[in-house]
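Trainee: Following this message is one structure expressed as structure tokens.
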Amino acid sequence: MFDDEKTNYSIVDEGGERSTLTLDKWAADILQAELPDVHTWVQKKFDLVTAKFPNETRRRRGDLVRALAYREAEKSPRIAEILTQL
């Protein structure tokens, strides 16, 4: 949306293995400011998506978690501040 910078979050995948979910930096920065623990939030969303869509590919489930993260970030009043910088 704004640039190519990314922020990685370590999660535990459906098989109990460590994996990484990547968000655009603008969204990660907003979530860091708005949520008490972004890592926990991302893990919970991944677990929810995995439970609801067990037959989806890992990439698709990651895309769904990213969509939820971007929607959450866009609800923040901080998005207006970011948009004024464009």
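No value in this document is a laboratory result; all are computed from the given coordinates. Predicted, not measured: the structure shown is a model, and the values here were computed from it. Heads up, the Cβs are rebuilt from the backbone with ideal geometry, glycines too, and the neighbour counts pull from every protein chain shown.
Trainee: Kindly express, to the nearest 10 degrees and within the range 0 to 90, the angle between helix 25-34's C-alpha long axis and the longest C-alpha principal axis of the chain.
Mentor: The two axes meet at around 90 degrees.
Trainee: Give the residue from A27, T50, V38 lying farthest towards the positive end of the charge dipole for the chain; charges sit on Cβ (+1 for Lys and Arg, -1 for Asp and Glu) and the dipole is referred to the Cα centre.
Mentor: Looking along the dipole axis, the top candidate is T50.
Trainee: Can you pull the one-decimal nm distance between simple spin-label points at L68 and H39, each 7 Å off the Cα toward Cβ?
Mentor: Output for this residue pair reads 1.9 nm.
Trainee: Could you give me the percent of Cα pairs per 10 Å distance bin for the chain, shortest bin first, beginning at zero and ending with the bin that holds the maximum distance?
Mentor: 17, 51, 25, 6, 0
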